[in-house]
Structures are given as structure tokens and as C-alpha cells.
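These notes are about the structure you will find just below.
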Amino acid sequence: MLSQETAPEATGSATTAAAFLRLLRSRAVVRRYTDEPVADALLAELLDVMPTAPTAANKQAWAFVAVRDPYAVRCLRAFAPGMIGLPPLVVAACFDRDRAVREDSGSQDTGLLCVAMAVQNLLLAAHASGLGGCPVSSFSRTAVHRLLALPHHLEPVLLVPVGHPAAPVRPSARRDRDEVIHHDVWTSPTAASAGP
Ligand SMILES: Cc1cc2nc3c(=O)[nH]c(=O)nc-3n(C[C@H](O)[C@H](O)[C@H](O)COP(=O)(O)O)c2cc1C
């Protein structure tokens, strides 16, 4: 198994932290791309950071298919109404049922959460590299399963088109922090504004 880099040089510096926070705040989905391909070296880096995401019980119940063949990309897009522009790269992020970790209640596959975390790594790495992407859940599972020749235990969860943004990246609005972030216990917004 590959080991991940040890952290000390990569963390702890105020400059690194400030740059990373800026990166997080400036991300937005990118749905339209230029024709420029994603260079091999860059693709290798993007793919490399996906499986460094947190993963329940370190089961790594995921698999990824990077699709760059233009015809294959067009085929995927034909079965993905949620994919707007034509990207030079699509990463299909899949859940591996054979490695699933079930919660005690049996109601949730934590593997799905792991896949989402890996996709967030991909999106942030793409953004940091001047690329952009978009998680796409609106697609035909059956068609994508067939197009990618996936074995039965792999379930495509998200398609992630990635490419060079065709327009400047602009973060979209979010709900008020006070509405969504609470401290210690949940407080109703009206109680909070009324004061003690
Ligand atoms: C699980 C998930 C599924 C999504 N599916 C689609 C999709 O099918 N098509 C699409 O254009 N955007 C999709 N998005 C992107 C959201 O629309 C986008 O994140 C949201 O509008 C907020 O924009 P922002 O990420 O730029 O802040 C999806 C996002 C998530 C987290």
C-alpha cells in the first residue's frame, strides 16, 4: 500500500493556512470548459489526491475511472443530463459494495460518504491547479455502468467533469452563517437575535 506524505512541512504555517482558506472560499462549480486538454502530469496529481480522503474504517470502498477519450466522454454526457458543458476529462467516482461499511442501523452505507469526500479532494485539487469541475449526480446509473464496463459490485455515485474554466470562477451565495452554524447547542435564530 502507498503511504501518504507525512504532514509537518505541509501544515502549521500561517501562510499555508491563509492560502488554503482562500482556496476553499474561492471554489465554485465549473460547468463549461475550454477545449484545452488536462495535461498528463496534472491528471496524475488529481487522481493521486482522491484516495487520500478520509474513509470509514480505512475500508477505501471506492474506485475511480478517469475518462479522457473524446468519444467516451460524449457517450457519458449523452446519459448525464446534469453534465452541461463538454469537458476534456470525466472522473467517474464509484462506490465499492464489496468493501462497504454498514452502520449498525443498516440504513446507511458510509462508503457513499467516503466517495463524496474523495470527490471533494478532486474538486479542490482541480481548483488549486487552475482547473474546474462539478459533481454530477444526474445521470443514468445503468448506462454509465455499461459504458464503463464496471463490475457488478461497483456503483457509479458521481460523475465529475473537469477542465479549464471557460469563464471566471465565481463562488455562489450561501445561507447566512447564523442560520446554519451553532455553538454548543442548536439555537433558534429568533432566540439568538432576542439575546439573553
Ligand atoms: C451531490 C451533488 C450532486 C450534484 N449534481 C449536480 C448535477 O447533476 N448537475 C449540476 O450541474 N450540478 C450538480 N451539483 C452541483 C451543485 O449544483 C452546486 O454545488 C451548487 O449549485 C452550489 O454551487 P457551488 O458549488 O458553485 O457553490 C451537485 C452537487 C452535489 C454536492
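The values are calculated or read from the model by the stated rules, or taken from the named source; none is laboratory data. Since this is a predicted model, take the numbers as computed values, not measurements. Here the Cβ positions follow ideal geometry from the backbone for every residue, glycine too, while neighbour counts run over all protein chains shown.
If you check 80, 118, 63, which single one turns out to be touching a helix residue (DSSP H, G or I) at 6+ places or on another chain (Cβ under 7 Å) and buried (at least 18 other Cβ atoms within 10 Å of the Cβ)?
Details: 80 fails: touching a helix residue (DSSP H, G or I) at 6+ places or on another chain (Cβ under 7 Å); 63 fails: touching a helix residue (DSSP H, G or I) at 6+ places or on another chain (Cβ under 7 Å).
From the options 80, 118, 63, the qualifying one is 118.
Pairing residues of region 160-188 that are basic (Lys, Arg) and in a loop (DSSP other than H, G, I, E, B) with residues that are at pLDDT 95 or above and surrounded by 11 or more Cβ atoms within 10 Å (Cβ to Cβ), at Cβ distances under 6 Å and at least 6 apart in sequence or on separate chains, gives 170/28. Contact map, region 22-47: first residue farther than 20 Å from residue 170 by Cβ and away from the ligand (no atom under 13 Å from the Cβ), second residue among the aromatic types (Phe, Trp, Tyr) and part of a strand (DSSP E or B), Cβ cut-off under 9 Å, separation 6 or more or different chains; pairs are 47/64.
Screening the candidates 67, 73, 90, 38 for the property of being over 23 Å from residue 146 (Cα atoms) and out of contact with any His (no Cβ under 7 Å at 6 or more places or on another chain) yields one hit, 38.
Scanning region 135-154 for residues that are within 14 Å of the ligand (Cβ to nearest atom) and either crowded, with 17+ Cβ neighbours inside 10 Å or under 13 Å from the mean Cα position of the chain (by Cα) (or both) turns up 135, 136, 137, 139, 144.
From 163, 132, which residue is under 17 Å from residue 38 (Cα atoms) and either surrounded by fewer than 17 Cβ atoms within 10 Å (Cβ to Cβ) or more than 12 Å from the ligand (Cβ to nearest atom) (or both)?
Working: 132 fails: either surrounded by fewer than 17 Cβ atoms within 10 Å (Cβ to Cβ) or more than 12 Å from the ligand (Cβ to nearest atom) (or both).
Every option except 163 fails the conditions.
Here are some residues: 100, 92. Which one is surrounded by 16 or more Cβ atoms within 10 Å (Cβ to Cβ), over 25 Å from residue 174 (Cβ atoms), touching a strand residue (DSSP E or B) at 6+ places or on another chain (Cβ under 7 Å) and modelled with pLDDT of 95 or more?
Values: 100 fails: modelled with pLDDT of 95 or more.
The conditions single out 92.
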